[in-house]
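J.: Just passing along the structure, written as structure tokens.
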């Protein structure tokens, strides 16, 4: 996959993120296998196993979206594929919220019915070993990889402004926290507390639903051309707000609107003519190293002659294409 369509400032980070997600998938598959073999009749282990399986969705969605985003615009997709990341984010959010709701119902039903989970023994080398010890060992193994990978993903997600990668980092955090809660559930069963197992599963599922709902809120706002949100949050991105204010000050009488298209922002100024020459990189109000996020500014002049698009490549009549050099920071 060629990375030439990405801004030069983030190409190295894109490579690192792609490589990290392949490692993430590999480690997650190994955890799924170990947890599946040790699951037994524990509700907590079942919930943790389903969440670990669900953890494959964000890295796979990220890798697919990255490949699609790198494609050049064509006749059928004249605006390019910047929003592939937003679509992948929506898919991950739906999976997160849906599975969380299913797990909460399962755990709540078990608590209401007062079903007592049984953790038996297994015979190894002529000795009877409580299966709970194997569950505890599996839970400990499931904690380490997501803890490390999640901490590595967060700074990359922030530099790339990638919601899918950020969701994956949060998912990894939820996975290792699930492992910790799962330890409590299995130990509780060993102490005769039948409710500890299902209660731990319910608490885990509530956290999953909360993350999924927040992700759905953010993904929906982006796909309906809402004001860009802060990474991982539902509040407005300060850079987007400052950009709109700066554009309106620079073009009196014009009304500025800023929208999200994946990791990039696109702005439109209605009722104003573009200044010539216009350096859109200089209009970026935030960190200069992140000016690549502003991919395009469109103007709808007062005369009504049709919109004019301004990118880093220069000024042209309205055209839906995405000039590849327009994001270069050089």
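J.: Output the number of residues of region 208-239 satisfying the condition of being at pLDDT 85 or above, out of contact with any helix residue (DSSP H, G or I) (no Cβ under 9 Å at 6 or more places or on another chain) and in a helix (DSSP H, G or I).
T.: Of the residues in region 208-239, 1 are at pLDDT 85 or above, out of contact with any helix residue (DSSP H, G or I) (no Cβ under 9 Å at 6 or more places or on another chain) and in a helix (DSSP H, G or I).
J.: For residue 201, indicate whether it is in a helix (DSSP H, G or I), at pLDDT 80 or above, in contact with a helix residue (DSSP H, G or I) (Cβ under 8 Å, 6 or more places away or on another chain) and under 18 Å from residue 46 (Cα atoms). Outline the logic, then answer.
T.: Details: in a helix (DSSP H, G or I): yes; at pLDDT 80 or above: no; in contact with a helix residue (DSSP H, G or I) (Cβ under 8 Å, 6 or more places away or on another chain): yes; under 18 Å from residue 46 (Cα atoms): yes.
For residue 201, the condition - in a helix (DSSP H, G or I), at pLDDT 80 or above, in contact with a helix residue (DSSP H, G or I) (Cβ under 8 Å, 6 or more places away or on another chain) and under 18 Å from residue 46 (Cα atoms) - is not met.
J.: Tell me which residues, restricted to region 157-169, are surrounded by 20 or more Cβ atoms within 10 Å (Cβ to Cβ) and in a helix (DSSP H, G or I).
T.: Pass one, region 157-169, residues surrounded by 20 or more Cβ atoms within 10 Å (Cβ to Cβ): 157, 160-169.
Those that are surrounded by 20 or more Cβ atoms within 10 Å (Cβ to Cβ) and in a helix (DSSP H, G or I): 157, 160, 163, 164, 165, 166, 167, 168, 169.
J.: Shifting gears a bit: Quick one: is residue 33 outside any loop (DSSP other than H, G, I, E, B), within 21 Å of the chain's Cα centre (by Cα) and farther than 21 Å from residue 290 by Cα?
T.: Working: outside any loop (DSSP other than H, G, I, E, B): yes; within 21 Å of the chain's Cα centre (by Cα): no; farther than 21 Å from residue 290 by Cα: yes.
Judged against the criteria, residue 33 is not a match.
J.: From the list 93, 17, exactly one residue is under 20 Å from the mean Cα position of the chain (by Cα), farther than 19 Å from residue 205 by Cβ and surrounded by 22 or more Cβ atoms within 10 Å (Cβ to Cβ). Which is it?
T.: On the way: 93 fails: farther than 19 Å from residue 205 by Cβ.
Only one candidate qualifies: 17.
The values are calculated or read from the model by the stated rules, or taken from the named source; none is laboratory data. The structure presented is a predicted model; accordingly, all values stated were derived computationally and were not measured. Glycine also receives a Cβ, built like all others from the backbone with ideal geometry; neighbour counts cover every protein chain displayed.
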